[in-house]
């Protein structure tokens, strides 16, 4: 299944609908995965164009950069929503910990906050912003004060914590698939280079 989703992602990210208006119509990762959008049919491809020079082929398309930026922002928003909910309402902590791992947090500061909350929960200790800050090793004047306060200011309510968790998991999955696609493409290029070297390289 992962290979099918990955192949569809590679096709769709080059489609007209994903590249239109600078990537404005790229679907939300949660909607894309839950709606099985990898099964969508694409519009017919444009006629093949002349092969560009090597330098042009190596350049990263602006649309791809835009897609990466959108995905990164969605992942960031989801991280903030999950942590803010946990700080605002400690009753959400057990459910979040059952579905989210510290590795899901790309931002180191947010990963550390999650680990502090997780450590306090496992130790049977109370969870609130001040106690979490102490676990992080910070006092009133430490940067953690503004970080934790910022998480709660942006989130404002824990009522949508399930949506934040779903968004985080979907964004992480999509990010991992894109990373895997890049790695597979690079591995394929390396295999091609090795094959060419074997066939065309200097004889010994």
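The values are calculated or read from the model by the stated rules, or taken from the named source; none is laboratory data. Keep in mind it's a predicted model, so treat the numbers as computed, not measured. Methodologically, a virtual Cβ is constructed for each residue, glycine included, from the backbone with ideal geometry; neighbour enumeration extends over all protein chains shown.
Could you please let me know if residue 71 is at pLDDT below 65, surrounded by 11 or more Cβ atoms within 10 Å (Cβ to Cβ) and outside any helix (DSSP H, G or I)?
Details: at pLDDT below 65: yes; surrounded by 11 or more Cβ atoms within 10 Å (Cβ to Cβ): yes; outside any helix (DSSP H, G or I): no.
Taking the combined requirement at face value, the residue does not satisfy it.
Any idea which residue in segment 131-145 is nearest to the chain's Cα centre (by Cα), counting only those that are surrounded by 12 or more Cβ atoms within 10 Å (Cβ to Cβ) and not in a loop (DSSP other than H, G, I, E, B)?
At the first step, the residues of segment 131-145 found to be surrounded by 12 or more Cβ atoms within 10 Å (Cβ to Cβ) are 131-136, 138, 142, 144-145.
Cutting the leftovers down to not in a loop (DSSP other than H, G, I, E, B) gives us 131-135, 144-145.
Values: 131: 29, 132: 25, 133: 26, 134: 29, 135: 27, 144: 24, 145: 26 Å.
Among them, the one singled out is 144.
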Discussion item. Residue under question is residue 85, and the condition is that it be modelled with pLDDT under 85 and either outside any loop (DSSP other than H, G, I, E, B) or surrounded by 16 or more Cβ atoms within 10 Å (Cβ to Cβ) (or both); does it hold?
Written reply: no
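Quick check on segment 43-61. Is at least one of its residues part of a helix (DSSP H, G or I), at pLDDT below 70 and touching a helix residue (DSSP H, G or I) at 6+ places or on another chain (Cβ under 7 Å)?
Restricting attention to segment 43-61, the residues satisfying the condition of being part of a helix (DSSP H, G or I) are 54-58.
If we keep only those that are at pLDDT below 70 too, we end up with 54-58.
After this cut, where a residue has to be touching a helix residue (DSSP H, G or I) at 6+ places or on another chain (Cβ under 7 Å) as well, the list is none.
No; the residues of segment 43-61 include none that is part of a helix (DSSP H, G or I), at pLDDT below 70 and touching a helix residue (DSSP H, G or I) at 6+ places or on another chain (Cβ under 7 Å).
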Discussion item. Among the numbered criteria (1) buried (at least 18 other Cβ atoms within 10 Å of the Cβ); (2) not in a helix (DSSP H, G or I), which one does residue 110 miss?
Written reply: (2)
Response to the item:
Residues in segment 149-164 that are free of Cβ contacts under 8 Å to residues at least 40 places away in the same chain and not in a helix (DSSP H, G or I) total 1
